[in-house]
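Structure first, then comments.
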Amino acid sequence: MHRLSQEFLIELNEDIRRPHAGETYTREHAKYLLMKECNINYPKNIANTEEKEQFDEEIREIKRTFDKFILISRILSSGRLQVHNGYIFSVPYYACFQLHTSTSIEHIRPFFYSEKPLLEGYYSMNENKFNSIIDNIHLLNVLDNLKLSIPILYFTHCYSATNLFDRIIKLAIILKCTMLANCRDELKYRLNLRTCNFLGKNVSEELSIFYDARSSIVHCGDISNELYKKIKNIMQNKYKTNIEALFYFLQEKIEPIIRSVLFESLKIFNNTDKIKNYTQLNESIDKQIITSISN
């Protein structure tokens, strides 16, 4: 360990140290430690361009493996699954790095604070979930297609959102990129029709309220009292304050819909030769809707 640079050790110590009085944000302790044993072929001659590029690609592949594991975990199950830094320990190479799924440490917290703390809900791992992650991680291989990567990018950004309105905008972009791909008019109607058909269940009320909330934020800078009443009503009036009702509405109603849309669409992109992006998927959904109406 005496070989490790002082900067590397400082970064590691900052991640694993206990919280202390006077900090400006709440520090969370990691519940799970994700590890992977790898063979790293460090260049014998660092000036050799071919050896260096092979080495860099091996490091990138390690990072991609962790990103995919975290991402498919998030798609399959709810819970604020967060990661900050990753570390590589080897001889003679060592590194501290961030992932595409990383969240800055000051934004990793178990609650959102309004009139009172609103619990985000921890991610719970068990054997069945772990096996499901391993069985489905290959679905992410199609994300090299840029059109598919954009909704996944915003899904990842939802885990770093610092307020509910920011989270709503990011969730809305995901729906726009997926269920409304290449759609210019009748957006709310088509969103409801396509999503309900695609998922095989009626989620039109939830989506209508969410779409109106997004529009109210973008065009009016706030959510109207009338919409808050609808949100409270769909949440069975369990929550007294507007923000509390909105918080759990997103967590319990909207995020599960978006997870289902992403997961089901990834399965189709992997298993169907004729459907490789969301425009083609929506064309297929529209045909199914027309056929069902005609019959």
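Observations, loosely collected:
- Here is how the number arises for the chain: DSSP H runs of 4 or more residues each give -39500 (n - 2.57), the sum is divided by the residue count, and the result at 222 nm is -17500 deg cm²/dmol.
- Global form of segment 194-252, assessed from the alpha-carbon gyration tensor, a/c cut-off 1.5: oblate
- The charge dipole of segment 153-268, taken about its Cα centre with unit charges on the Cβ atoms of Lys, Arg (+1), Asp and Glu (-1) only, comes to about 160 debye.
- Dipole of the chain computed with +1 at Lys/Arg Cβ and -1 at Asp/Glu Cβ about the Cα centre; of Ser260, Thr103, Ile75, farthest Cα towards the positive end is Ser260.
- Global dimensions of segment 64-192 from alpha-carbon coordinates: Rg and Dmax equal 16.9, 59 Å.
- Residues of segment 66-199: accessible area per residue with a 1.4 Å probe, Å²: 48
- By a 1.4 Å probe calculation restricted to protein chains, His29 has an accessible surface near 110 Å², given to the nearest 10.
- Segment 149-281, relative contact order [Cα under 8 Å, separation at least 6], %: 23
- Sparse-neighbour loop sites [GluC sites (Glu not before Pro); segment 142-232; at most 16 other C-beta within 10 Å; DSSP]: Glu186
- Think of a 1.4 Å ball rolled over the protein heavy atoms: segment 218-283 then has 51 Å² of accessible area per residue.
- Taken over the chain, the alpha-carbon convex hull comes to 185 cubic angstrom per residue.
- Taking 0.36 nm per residue of separation and subtracting the Cα-Cα distance, full extension of the segment from Asn131 to Leu9 would add 40.5 nm.
- Taking a Cβ cut-off of under 11 Å around Lys230, the surrounding Lys, Arg, Asp and Glu residues balance to a net charge of -2, with basic ones at +1 and acidic ones at -1.
- Rounded to the nearest 20 debye, the dipole magnitude of segment 53-136 is 360 debye, with +1 charges on Lys and Arg beta carbons, -1 on Asp and Glu beta carbons, and the Cα centre as origin.
- Placing +1 on the Cβ of every Lys and Arg and -1 on the Cβ of every Asp and Glu, with no other charges, gives segment 66-210 a dipole of roughly 240 debye about its Cα centre.
- Relative contact order (%) - the chain, alpha-carbon pairs under 8 angstrom, separation at least six: 15
- If R0 is 51 Å, the Cβ-Cβ spacing of Gln236 and Gln54 corresponds to a FRET efficiency of close to 0.30.
- Around Glu58: net Lys/Arg minus Asp/Glu count, Cβ-Cβ under 14 Å: -2
- For segment 154-295, taking Cα atoms only, Rg and Dmax work out to 15.7, 49 Å respectively.
- Projecting the Cα atoms of Leu146, Asn182, Leu164 onto the charge dipole of segment 68-216, computed from C-beta unit charges around the Cα centre, puts Asn182 farthest toward the positive end.
- Cα→Cβ-extended label distance, 7 Å offset, between Val142 and Tyr42, nm: 4.1
- Filtered trypsin sites (Lys or Arg not before Pro), segment 220-295: DSSP coil and at most 14 other beta carbons within 10 Å: Lys238, Lys240, Lys274
- Projecting the alpha carbon convex hull of segment 177-216 along each direction and taking the average yields 2.7 nm².
- Here the chain exposes an accessible surface that is 51 percent carbon and sulfur, computed with a 1.4 Å probe and the other protein chains kept in place.
- Over all pairs of different C-alpha atoms in segment 42-111, the reciprocal of the mean inverse distance, the Kirkwood hydrodynamic radius, equals 14.0 Å.
The values are calculated or read from the model by the stated rules, or taken from the named source; none is laboratory data. Remember, it's a predicted structure, so these values are computed and weren't measured experimentally. Ideal geometry is used to build each Cβ from the backbone, glycine not excepted, and the neighbour counts take in all protein chains shown. Note: accessible area is taken over every heavy atom of the protein model, side chains too, but ligands, DNA and RNA are not part of it. Shrake-Rupley method; radii C 1.70, N 1.55, O 1.52, S 1.80 Å.
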